[in-house]
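Read the structure below first, then the notes.
The values are calculated or read from the model by the stated rules, or taken from the named source; none is laboratory data. Because the structure is a prediction, the values reported are computed rather than measured. Counting neighbours? That spans all protein chains shown, and the Cβs are built from the backbone with ideal geometry, glycine included. Accessible surface areas use protein heavy atoms only, side chains included; no ligands, DNA or RNA. Shrake-Rupley method; radii C 1.70, N 1.55, O 1.52, S 1.80 Å.
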Amino acid sequence: MATNPIKVVVIVGSTRAGRLAPGIARWFTGQIGQRADVVTDIVDLVDTPMPGSLDDNDPVVVALRPRLAAADAFVLIAPEYNRSIPGPLKTLIDCYNKEWEAKPIGFVSYGLSMAGGVRAVEHLRQIFAEFHSFGMKDIVTFPRILDHFDSDGNFTPDLDGCNAAAKLMIDQLTWWAYALRDAKAVRPY
Ligand SMILES: Cc1cc2nc3c(=O)[nH]c(=O)nc-3n(C[C@H](O)[C@H](O)[C@H](O)COP(=O)(O)O)c2cc1C
């Protein structure tokens, strides 16, 4: 383990009954978990239901705040819903502000169509511009997501390509996370 590794909060952005997200999240956390320069904390929206009322004092919002605040970077695992992101993921984002501020964000997206969730990611880039946080150029996408699951429901992606895409994104994320953490230590944002 590197000294003072960066902290990456990985957010699992679907709460749908029968969701495919856990298989994708398991694969991705396996990839990022191999890194000596990163420690991860997994926030699954199923376990952290955000209040639709955006109540700052809601116990779930309060409990999650320090975990998000501690992050040097985020990775969002986001399916595409109606050319955008799932409502619960937007509610999570809306429940916080400073916790996202000036931090790099990586994306893992997927969808049923050939778009692979890219339209959800492009919306996320716009949303996070509000917090002066910004998305990594390279993203991990899974078009036609059902093609990546076998008949037993196991996630079986083309590992060479996917692992390389994850590495590229995580490399970018760690570079920015270290750079911004160092800069903020000298000159708080
Ligand atoms: C409400 C809804 C809207 C969707 N819209 C899109 C879409 O615009 N583009 C797409 O590629 N897939 C779309 N899908 C398919 C989902 O991306 C796909 O079912 C994926 O597995 C959802 O992630 P989850 O299973 O982890 O919830 C939609 C699914 C739902 C439930």
Within region 111-122, does at least one residue satisfy the condition of being more than 23 Å from residue 70 (Cβ to Cβ), among the charged types (D, E, K, R) and without any contact (Cβ under 8 Å) to a residue 12 or more places away in the chain? yes
The number of residues in region 94-121 that are surrounded by fewer than 21 Cβ atoms within 10 Å (Cβ to Cβ) and more than 16 Å from the ligand (Cβ to nearest atom) is 8
When you scan region 1-92 for strands (runs of 3 or more DSSP E) that lie fully inside it, which ones turn up with 1 or more residues that are polar (S, T, N, Q), surrounded by 15 or more Cβ atoms within 10 Å (Cβ to Cβ) and at pLDDT 95 or above? 38-44
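Considering only residues that are in contact (Cβ under 8 Å) with a residue 40 or more places away in the chain, within 16 Å of the ligand (Cβ to nearest atom) and not acidic (Asp, Glu), which ones fall in region 56-82? Before the answer, list the steps.
Initial filter on region 56-82 (in contact (Cβ under 8 Å) with a residue 40 or more places away in the chain): 67-68, 70-80.
Restricting the remaining residues to those that are within 16 Å of the ligand (Cβ to nearest atom) gives 75-80.
Of everything in region 56-82, those that are in contact (Cβ under 8 Å) with a residue 40 or more places away in the chain, within 16 Å of the ligand (Cβ to nearest atom) and not acidic (Asp, Glu) turn out to be 75, 76, 77, 78, 79.
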So which of 159, 146 ends up being modelled with pLDDT under 95, over 14 Å from the mean Cα position of the chain (by Cα) and open to solvent by 60 Å² or more (accessible area, probe 1.4 Å)? 159
